[in-house]
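Q: Dropping the structure in here first, questions after.
The values are calculated or read from the model by the stated rules, or taken from the named source; none is laboratory data. All values derive from a computational prediction rather than experimental measurement. Don't worry about glycine lacking a Cβ; one is built from the backbone with ideal geometry, like all the others, and counts go over all protein chains shown. For accessibility, only protein heavy atoms count, side chains too; no ligands or nucleic acids. Shrake-Rupley method; radii C 1.70, N 1.55, O 1.52, S 1.80 Å.
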Amino acid sequence: MVQGQGERQSGRLGARLDGWFQDVRYSVRTLRNRPGFTVVAVLILAIGIGASTSLFSTAHSVMRQSAPFPGAERLVVALKTIEGQVSGTVSRVDYFDVREMSGSFEQLAAVANFTMDQIVTGGERPMLAQASYITWNLLPALGVRPVLGSGFGPDDEAQSRDDLILISHGFWQTHFGGMPEVIGRTLAMDGRPKTVVGVMPAGFRILFDADVWRLIHRDGPFDAQRDSHSHVLIGRLTAGTTLAQAREEAAIISRALAAQYPETNTGKGLWITDFRSYMVRSVRTSLLILMVTTVLVLVIASANVAGLLLARSEHRRMEMAMRSALGASRGRLVRQLLTESVIFTITAGMLGLGVAHLMQHALLQVLPLSELGIRSIGLNAWALGFALLLAVVTGLLVGVTPALHGTNLRPAQQLRAGTHTTEGLSGTRLRSGFVVLQIALTVVLLVGSGLLLRSLTRLTRVELGFDAENLLTAHVQIDRQIYETREARAQFFTTFLAEVEAIPGVTSAALSSRLPIRNPWQDWGIRRADQPVPPVQESFSAMVRWVSPAYFRTMGIPHVMGRDFSAVDAPGRPYAAVLSESTVRHIFSDRDPLGQRVKIGWEDREFVVVGVVADARLNAVNGAADAAAYMSSAQIGATRLQLAVRTALPPAQLVGPIEDVLRRMDSHALFARPLSMEAVLARELAGIRVMSLSSTLFAGVALLLAAIGLYGVLAYQIRRRMREFGIRLAMGATDAHVFGTVLRRGVSLIGYGVGLGVAAAYPASLLIRRVLFDTSPLDLVTYGTSIALLILVAIAACTIPASRAMRVNIVEVLRLE
């Protein structure tokens, strides 16, 4: 009996499988017999599925690679707050106090929020290395060990060791040839010997790419004061400690430090967040915008295909009626139609993988993924699975409504009616609803892309405060061991600039510790010399730059009053400063700034204000002009400076001659990373530029799909109403009347769609407000342009079927009747 029951179950399973295989074979044959419909539907869905798969793959890579450390869920990041508002990095001095007073962390480490260019000598040519600064316990906090040697230790911190370094896997390969005997080897960095104690794993990075890591200890190497802040804190919570508990403890410690050091810590606190959220902060908004965009495109594509299927189901009602009359149940018919839709969506998914692969390269340009250490994005097994799942789900969603509608019939009535059937009211409403949805979502995409394009246009026209045309920039560095005194270093750079200006095609040349946009930030407190140090929440900061004479002329920064730096501002002479206008307004609002004295940073030295220049955007194109304080580079004896050369030739043509000058003067000097300022600005705007173009491309695809959907609805209705129009024309109706009847139907759909789209566009545009520049989310010009473009295209899509309605052959229609 059991055996018989098993055989019956096996037989039912086999019959079910045979039924499914029969559905598949019939579906393939049906789709093959209608190649036009199949190709259009597959291509439309391939775009949506491919774009969505690409974004899923990118998001998966970001989430997986942004925290590639064991137990990453217990890693946190801490930053400084002022009066409860997140205000950036933490003081080194505060860090050591917090570490000692806290019990919430297994390890609490610190990383400098910048890397430093350092010259490495000893090979055929000097090379530039990126140095990052970390505390000894960063690697234990992250759960990472060097592949060779060891990391820093607590004894190294206690002894303030400054002669030890960790090197990256890439630096080990290029500088030491990957030899295992590298541990204990010494190399010269900025003329000082450094001993290699460990080699980090391939691909390791934390916050920045780096070639070497140096030790942060209690005595340095920077942030000697509590009101100097340059460190990001990274901690691993103890087992059982929650983020809320760590925040509560941080608040208690901050209050204790404020009570102990009221001059620098009043109002200062710590903001703690999980490590993964902090790492993806730079790509979160961009990724979200692109994901929403692709989802909208997929919905529009699905609605378009659903409309096509609905129209096709009307044509197949006779077929469905015949099969129903022969005994097929409605469930069997629905299953057949759903199988067809799933088959062509799976085909679309396979083509979509090709679309996704092509999009990967664009996404690497759109999103600042290099900041997360992501150099490539692949379509892994997760992406393939997502594409398959999305294809199946899309097939079911776009097929279910047409399948239910196409099988909702009375076989006898349908067979008696024959070919003289008209589309039911429910079918008309469904197809019209799909078109209205497409138009509404297209309005949202057009408005969003229009806002991004408007922001990009304004960014490219923004007044920078300096002239970026025909300006070459590069990094120049000399060895401190060779040029031991400030006077020697100042003399070298003075001679170097004179030699560069003698090159044909060079208009002027200058040096600066940092160049606008290319080397942002480094803000220090600045105050009048006769004022005491203010509390941290009341202090005023300006971007500090050490520059050579002719810097402002070379950069095209207008001089307002006073003089420029000159040979008079040499080592041993009174320290001179040139302030920007906004700095002067804040410090000397009640007096003439020239001849006044200021203190900059934390040293007691006083600077005499000798000039005032206009404000310029030093940190970002999309930011405000920055308050700045400029000092003479000769007076501090800098060894690493940024070169700016104003040229009458294309900047790239001067790279070789300038490098030859430097080599002739000193074969150990370093000339690195030459780049035109226009290229610097292009790189700065690359993200919003490609995002704008990508969103515009998606909006264009959506507009085309909406136009196709509107055209399809009207064309189908005309075919179904051909007999009606023929009779109307035979009874005296004019061509204009028939044209207007069709056009009014199209305009009504456009009106409904535009109305819904405008209502949805504003809340949707709030999503991108953080990346907009000088553009309101409710920019009326953008809304008006987007709506006008859509209406123009939609009216064009209506005109073609409306014109066809006027060309009805009355004789043939009446003959058929």
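Q: Taking θ as phi - 60°, what are the ³J(HN,Hα) couplings along region 474-488 by the Karplus curve (6.51, -1.76, 1.60), each to the nearest whole Hz, with x for Gly and Pro?
A: Running phi through 6.51 cos²θ - 1.76 cosθ + 1.60 with θ = phi - 60° gives 6, 9, 10, 8, 10, 8, 4, 5, 7, 10, 7, 10, 4, 4, 5 Hz.
Q: P(r) for region 667-711, please, calculated from all Cα pair distances in 5 Å bins and given in %.
A: 6, 16, 12, 13, 10, 10, 8, 7, 6, 4, 3, 2, 2, 1, 0
Q: Which GluC sites (Glu not before Pro) in region 438-514 pass both tests, a DSSP loop state and at most 15 other beta-carbon atoms within 10 Å?
A: Loop-located and lightly packed - Glu463, Glu469, Glu484.
Q: Let me ask something else. Please give the solvent-accessible surface of Tyr575 in Å², to the nearest 10, using a probe radius of 1.4 Å with every protein chain present.
A: 60
Q: Leaving ligands, DNA and RNA out of it, rank Arg745, Arg92, Arg518, Arg683 by accessible area with a 1.4 Å probe, largest first.
A: Arg683, Arg745, Arg518, Arg92
Q: If you plug each phi of region 430-444 into the Karplus form 6.51 cos²θ - 1.76 cosθ + 1.60 with θ = phi - 60°, what whole-Hz ³J(HN,Hα) values come out, in order, with x for Gly and Pro?
A: 5, 5, 5, x, 4, 5, 4, 4, 4, 5, 4, 5, 5, 4, 4
Q: Ok, one more. Accessible area per residue, 1.4 Å probe, Å², for region 640-680: what's the number?
A: Per-residue accessible area for region 640-680 comes out at 41 Å².
Q: To continue, here is another question. How large, in percent, is the carbon and sulfur part of the accessible surface of region 81-233 at a probe radius of 1.4 Å?
A: Its accessible area is 47 percent carbon and sulfur atoms.
Q: Convex hull over the alpha-carbon atoms of region 639-681: what's its volume per residue in Å³?
A: Cα-based convex hull of region 639-681, divided per residue, equals 83 Å³.
Q: Find the centroid of the Cα atoms in region 455-506 and in region 552-629, then give the distance between the two in whole Å.
A: Region 455-506 and region 552-629 have Cα centres separated by 18 Å.
Q: Can you compute the equivalent ellipsoid semi-axes for region 450-519, i.e. the square root of 5 times each eigenvalue of the Cα gyration tensor, sorted largest first and rounded to whole Å?
A: With the √(5λ) rule applied to region 450-519, the semi-axes are 35, 16, 8 Å.
Q: Related question: Let me know the volume per residue of the alpha-carbon convex hull for region 95-180, in Å³.
A: Spelled out: Cα convex hull of region 95-180, divided by residues, is 118 Å³.
Q: According to the Cα gyration tensor, what semi-axes, each the square root of 5 times an eigenvalue, does the equivalent ellipsoid of region 152-230 have, listed from largest to smallest in whole Å?
A: So the three semi-axes of region 152-230 are 24, 15, 11 Å.
Q: Translational D (Stokes-Einstein, µm²/s) of region 470-580 at 10 °C and 1.306 mPa s when Rh comes from the Kirkwood sum over C-alpha pairs?
A: 97
Q: Sticking with this one: Of the accessible area of region 586-713, with the probe set at 1.4 angstrom, what percent is carbon plus sulfur?
A: The C+S portion of the solvent-accessible surface of region 586-713 is 56 percent.
Q: A further question follows. Using the heavy atoms of the protein chains and a 1.4 angstrom probe, tell me the accessible area per residue for region 440-560 in square angstrom.
A: Result: 40 Å² of accessible area for each residue.
Q: Mind listing P(r) for region 528-595? All alpha-carbon pairs, 10 Å bins, whole percents.
A: Per 10 Å bin, starting at 0, the Cα pair percentages come out as 15, 47, 31, 7.
Q: Then there is this: Ala529's amide H: which non-local residues (gap 5+, or another chain) put their own amide H closer than 5 Å, with H modeled 1.01 Å from N in plane and none for Pro or chain starts?
A: Those lying under 5 Å, H to H, from Ala529 are Arg597, Val598, Lys599.
Q: If DNA, RNA and ligands are ignored and the probe is 1.4 Å, what is the ranking of Asp163, Asp156 by accessible area, most exposed first?
A: Correct descending sequence by accessible area is Asp163, Asp156.
Q: Further question: Place a point 7 Å from Cα of Arg281 in the direction of its Cβ. Which residues in region 174-209 have their backbone N less than 19 Å from it?
A: Hits in region 174-209 for Arg281 at 19 Å: 205-209.
Q: Could you list which residues have their amide H under 5 Å from that of Ser632, counting only those 5 or more apart in sequence or on another chain, with H placed in the peptide plane?
A: Long-range HN contacts for Ser632: Val547, Ala576.
Q: In terms of modelled amide H atoms, which long-range or inter-chain residues lie less than 5 Å from the amide H of Thr135?
A: For Thr135, whose amide H was placed from the backbone, the distant partners under 5 Å are Ala110, Ile216.
Q: In addition: Tell me, what ³J(HN,Hα) does each residue in region 751-768 have, in order and in whole Hz, if you take phi through Karplus 6.51 cos²θ - 1.76 cosθ + 1.60 with θ = phi - 60° and put x for Gly and Pro?
A: Karplus-based 3J(HN,Hα) across region 751-768 equals x, 4, x, 5, x, 5, x, 5, 4, 8, 5, 5, x, 5, 5, 5, 4, 9 Hz.
Q: A further question follows. Please tell me the relative contact order of region 476-591 in percent, rounded to the nearest whole number, where contacts are Cα pairs under 8 Å and at least six residues apart.
A: About 23 percent, as a whole number.
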